1. Just to verify a result, which residue in the range 131-152, among those that are of a type in the set (V, I, T) and at pLDDT 85 or above, is farthest from the chain's Cα centre (by Cα)?
2. Of the conditions (1) more than 25 Å from Y13 (Cα to Cα); (2) in a helix (DSSP H, G or I); (3) modelled with pLDDT under 90; (4) not charged (D, E, K, R), V241 clears all except one; give me its number.
3. Among the residues of the range 17-39, write down those that are out of contact with any His (no Cβ under 6 Å at 6 or more places or on another chain) and either surrounded by fewer than 18 Cβ atoms within 10 Å (Cβ to Cβ) or assigned to a loop (DSSP other than H, G, I, E, B) (or both).
4. Please count how many residues of the range 1-36 are of a type in the set (A, V, I, L, M, F, W, C), in contact with a strand residue (DSSP E or B) (Cβ under 9 Å, 6 or more places away or on another chain) and modelled with pLDDT of 95 or more.
5. Pull up the range 276-303, narrow it to residues that are within 19 Å of the chain's Cα centre (by Cα) and at pLDDT 95 or above, then point me to the one that is surrounded by the most Cβ atoms within 10 Å (Cβ to Cβ).
6. Mind checking which strands (runs of 3 or more DSSP E) fall wholly inside the range 92-198 and carry at least 2 residues that are closer than 30 Å to V78 by Cβ and assigned by TED's automatic domain parsing to the domain that holds T234?
7. Tell me, yes or no, whether the range 201-211 has at least one residue that is farther than 23 Å from S254 by Cβ and either in contact (Cβ under 8 Å) with a residue 60 or more places away in the chain or assigned by TED's automatic domain parsing to the domain that holds A275 (or both).
8. Just to verify a result, which residue in the range 112-130, among those that are under 19 Å from the mean Cα position of the chain (by Cα) and not small (G, A, S), is farthest from L252 (Cα to Cα)?
Amino acid sequence: MRFAILSRNSKLYSTQRLVEAASIRGHEVRVLDHLRCFMDIASDKPSIHFKEEEFSQKHFDALIPRIGASVTFYGCAVVRQFEMMGVYCVNESVAITRARDKLRSLQLLSRKNVGIPATAFAHSPGDVDGLIREVGGAPLVIKLLEGTQGIGVVLAETKKAAESVIQAFMGLKSNILVQEYIKESGGTDIRCFVVGGKVIAAMQRTAPEGEFRSNLHRGGTAKIVKLTPAERRTAIHAAQVMGLNVCGVDILRSSRGPLVMEVNSSPGLEGIENATQKDVAGIIIEFIEANAKPNHTRTKGKG
């Protein structure tokens, strides 16, 4: 098979592992920087141009999008072009944009009865008291909608601190979510790696001392973890609601069961492979081998 991987950097661990896993299985692989691609949007012959090359449907059988949050709009436009060309996309453009919108994704998960932390959203600084009240008061977590890898996430331990931070973000015209703080999680969360409707690996991430964010980019540590049946069902359900074939589902353990924090459409492979010693990249390639067919990408999920 002929694979294209959309990635800004071919030297990233996740990109290298996907190239390696596909190559070992005898596939041809090209890594394309999606920001260097441009599109010929023609009804008779849609194509992708990368530097001096032109690609049509005949050039690739499958696409693996690795789209960074900061370039979601353009990256998903490139994915849509591949979809127009009939190339199988392991994660479709609609699903990626759905998951990247934190507010929309939480609304969709809530509508489908997936457990999430109590969450509030408002536009006006005059609604700050109501926001704080709806999530059970301080301590609480404030999140920038555009933030990634733990950036733009603040723990406000008092009502006064929460008011100050919320008003500051609103003053900067930033969109924020306010969420309840799950005390019993103790600075840990669980990353469930879902491929093709199955949890194929899971790790527990723990925040460093003095920190509440467990992201590995923030200095957190990871180890293999055994999931409960409820956690496994929750992760699979969340992936289905988002319509993602490959994703990372971040879960908090709470007194009322597993709560989904986020569904990541381009989860990193390094942490999960090191923690679990599983060939996650190989499992992704095997899923594509079994499912990639021309014009087989279709919209899944709702919204």
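The values are calculated or read from the model by the stated rules, or taken from the named source; none is laboratory data. All values reported here derive from a predicted model rather than from experimental measurement. Reconstructed Cβ throughout: ideal geometry from the backbone, glycine too, with neighbour counts over all protein chains shown.
1. I132
2. Only one criterion in (1) more than 25 Å from Y13 (Cα to Cα); (2) in a helix (DSSP H, G or I); (3) modelled with pLDDT under 90; (4) not charged (D, E, K, R) is unmet by V241, namely (3).
3. Passing the criteria: E20, S23, I24, R25, G26, H27, E28, R30, D33, L35, R36, M39.
4. The first filter runs over the range 1-36 and keeps only residues of a type in the set (A, V, I, L, M, F, W, C), leaving 1, 3-6, 12, 18-19, 21-22, 24, 29, 31-32, 35.
Adding the requirement that they be in contact with a strand residue (DSSP E or B) (Cβ under 9 Å, 6 or more places away or on another chain) leaves 1, 3-6, 18-19, 22, 29, 31-32.
Now drop any that are not modelled with pLDDT of 95 or more, which leaves 3-6, 18-19, 22, 29, 31-32.
Residues flagged as of a type in the set (A, V, I, L, M, F, W, C), in contact with a strand residue (DSSP E or B) (Cβ under 9 Å, 6 or more places away or on another chain) and modelled with pLDDT of 95 or more within the range 1-36 amount to 10.
5. I285
6. Where strands (runs of 3 or more DSSP E) fall fully within the range 92-198 and carry at least 2 residues being closer than 30 Å to V78 by Cβ and assigned by TED's automatic domain parsing to the domain that holds T234, they are 188-195.
7. First pass over the range 201-211, keeping only residues farther than 23 Å from S254 by Cβ: none.
So far as the range 201-211 goes, no, none of its residues is farther than 23 Å from S254 by Cβ and either in contact (Cβ under 8 Å) with a residue 60 or more places away in the chain or assigned by TED's automatic domain parsing to the domain that holds A275 (or both).
8. First, pick out the residues of the range 112-130 that are under 19 Å from the mean Cα position of the chain (by Cα): 112, 114-117, 119.
Right, trim to not small (G, A, S) and you get 112, 114, 116-117, 119.
Working: K112: 18, V114: 12, I116: 9, P117: 9, T119: 14 Å.
For the range 112-130, the residue satisfying everything is K112.
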